[in-house]
Each structure stands twice: as structure tokens, then as C-alpha cells.
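The values are calculated or read from the model by the stated rules, or taken from the named source; none is laboratory data. Keep in mind that what you see is a predicted model, and the values were worked out from it rather than measured. Glycine gets a Cβ as well: all are built from the backbone with ideal geometry, and neighbour counts include every protein chain shown. Just the protein is used for accessible areas: all its heavy atoms, side chains included, with ligands, DNA and RNA removed. Shrake-Rupley method; radii C 1.70, N 1.55, O 1.52, S 1.80 Å.
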Amino acid sequence: MISKILIFPFVLLVRFYQTAISPFTPASCRFEPTCSSYMIQALQKHGLLYGGFLGLKRIVSCNPWGRTGYDPVPEKKCKHEH
């Protein structure tokens with residue numbers, strides 16, 4: 001619950017970008033899902049710190065010299081009991 005409250009402003013900021021800014025800029029994301037969708041998914045799946053880190057890492061790698069193609073948010077790692 002607290003995690004959802006913490007990430008809400010950041011998700012809202014990305015949604016604002018998706019609706020108010022992105023439609024007026026050339027489509028340039030090299031990945032699927034788009035970097036903004038990836039950021040929201042990463043925040044929702046991994047929380048503010050690690051999800052934010054993954055999202056920012058993805059944005060930095062989205063450049064003409066970077067990779068391209070399908071790049072989903074990684075699954076959470078499970079801790080196995082021994």
C-alpha cells in the first residue's frame with residue numbers, strides 16, 4: 001500500500017508525459033514496450049528505487065547507438081528457502 005502511494009506521483013508524471021508531451025514529439029523509442037510504458041511497469045513491479053533505476057537505465061540506453069527491440073521489465077527475483 002505504501003509503495004503504491006510512493007510511486008503514484010511518478011506514474012502520474014509519466015502519464016502526463018504520455019498524454020501531453022509525447023504526441024507532439026517524433027516517435028523515437030527504439031524498444032517495445034516504449035520507455036514511458038517500461039518506466040510505469042518497472043515502478044509498479046519493483047517499487048520506487050529499483051523500478052526507478054531500471055526505468056532510468058532504459059531511457060539512457062534508448063539512443064541511436066544502443067540496442068533495439070523487445071525489452072520487457074525483468075521479473076522479480078524470488079528468494080528460495082534452503
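Here are the numbers for this structure:
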| item | result |
| --- | --- |
| Scope segment 1-36; condition closer than 16 Å to G69 by Cα and either free of Cβ contacts under 8 Å to residues at least 12 places away in the same chain or out of contact with any Lys or Arg (no Cβ under 9 Å at 6 or more places or on another chain) (or both); matching residues | A27, S28, C29, E32, P33, T34 |
| Selection count where residues are closer than 22 Å to T19 by Cα and without any contact (Cβ under 8 Å) to a residue 24 or more places away in the chain, scope segment 37-53 | 1 |
| Criterion (among the aliphatic types (A, V, I, L, M), more than 15 Å from the chain's Cα centre (by Cα) and in a helix (DSSP H, G or I)) met by exactly one of I21, I59 | I21 |
| Test: residue in segment 14-31 that is in contact with a helix residue (DSSP H, G or I) (Cβ under 7 Å, 6 or more places away or on another chain), open to solvent by 100 Å² or more (accessible area, probe 1.4 Å) and at pLDDT below 95 | no |
| Residue that is surrounded by the fewest Cβ atoms within 10 Å (Cβ to Cβ) [pool: residues in segment 32-76 that are among the basic types (K, R) and closer than 22 Å to M1 by Cβ] | K76 |
